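Every number in this text was worked out from the coordinates using simple rules, so none of it is lab data. Predicted model, so just to flag it, every value in this text is computed and none were measured. Positions of Cβ are backbone-derived with ideal geometry, glycine not excepted, and every protein chain shown enters the neighbour counts.
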Amino acid sequence: MPDSILLWFKSFVPPRSNVDRFERMRSCAGSLFGILLAGLASYAILPREAATIWLIAPMGASAVLLFAVPASPLAQPWSIIGGNLCSALIGVSCAKLIQEPALAAAVAISLAIGAMFLARCIHPPSGAVALTAVLGGPVVHDMGYAFVLAPVLLNSVLLLLAALFFNNATGRRYPHAQQSAAPHPHQTRDELPISRLGFSHEDLDAVLKNYNQVIDIGRDDLEEIFLQTEMRAYHRRFGETRCQDVMSRDVVAVEFATSLDEAWRLLQTHRLRALPVVDRARHVIGIVSRTDFLEHAGVEVHTGLAAQLRTLLHRVPFSHSDKPEVVGQIMSRPVVSAGVDMPVLELVPRMADGLHQIPVVDADGKLAGMLTQSDMIAALYEKNLAAARSLPAAGLRSAA
């Protein structure tokens, strides 16, 4: 066989999957759980008669999407509910209006796809629902439009409920947001700093529009993949600086029971923006910032800042008080932290999008240091400066 023909055949073989063993087992277990739950519940709810259909075949295809690729736009709640309902209604209507089964099936599939595009609920198994309504035989035809409610809607809802529970219980976010958020925390028209570098939301939208095909991946996931690819390319070019290389090690920290006036004094004395809150074993349990103090003091525009802060910091001479008295009552948690071996570049998006400081913990989860925006800027400056200095040297070697 000529090599060209062999290569042509090999081009149809998909590449090896990057999904690990746990994810494969999770998907298999999810489909087992979902179909079993939907089938048993439908059997218990529907009349137990010989002509009763309690589980339809397209649910098997829906289970593949909901449990194997739960992040797909084709697997979202509106996709399965809307897609199956539209297709069932169209399929039953075509079966009633068109006597020729082959023509009825073709028209049903065509109209179902058009309806799903219009309603933004593309769900491939819904095509099989429309086909089942047309070619399901006398039992399905005798049910008429009741087929839309049971088993189609009933099966779809039960399978969706199983997917909602199982995916979230096993660490998969579901439902999955299908529109990338573009927050404006400062209430201005400017994008977040990290969004002003590299490609923009508009760039991605323009490319997707030119691509002009349905893609089986959410827009936010696609954007995240591109960002991670850019980050990996930067790692390859400039190497990795880890948190332990640039973090502040002599960290001023407080405990849960530290008084508010003592914590505020530490912030002022050391000119800090925030203090990590630790337990007796030095595990980070929270973080208290100047913003936390201002929020709990009720500071608003055109109000007396000093007076309100004094009221918050002043200890109440009673055993019980509604006013916060210790750091643990106003600290923020859970805390975003980083490991000592984490590359600094992985924290750039978080720092650029609002965090000013991140506690760094060791392998035991104990406080090892603090990484601030100043540390981040210094690390990135040093790396880029070293790269810039190496370019002239490389040019001289090439000329020689």
When the distances between all Cα atoms of the range 21-169 are binned every 5 Å from zero, what whole-number percent does each bin get? 2, 11, 21, 21, 19, 13, 9, 3, 1, 0
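Can you figure out the FRET efficiency of Val252 with Arg16, using R₀ = 60 Å and their beta-carbon distance, to the nearest 0.05?
0.75
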Footprinting exposure proxy for His123, His296, His356 (fewest neighbouring C-beta atoms within 10 Å first): His356, His296, His123
Give me Ile217, Ile53 ranked fewest to most by other Cβ atoms within 10 Å of their Cβ, as a rough exposure proxy. Ile217, Ile53
Find the relative contact order for the range 96-150 and round it to a whole percent, using C-alpha pairs within less than 8 Å whose residues are 6+ positions apart. 33 percent
For the range 21-169, averaging the sequence separation of alpha carbon pairs under 8 Å that lie six or more residues apart and dividing by its residue count, the contact order in percent is 34 percent
Roughly speaking, what is the centre-to-centre gap between the range 92-109 and the range 3-31 when only Cα atoms are used, to the nearest Å? 36 Å
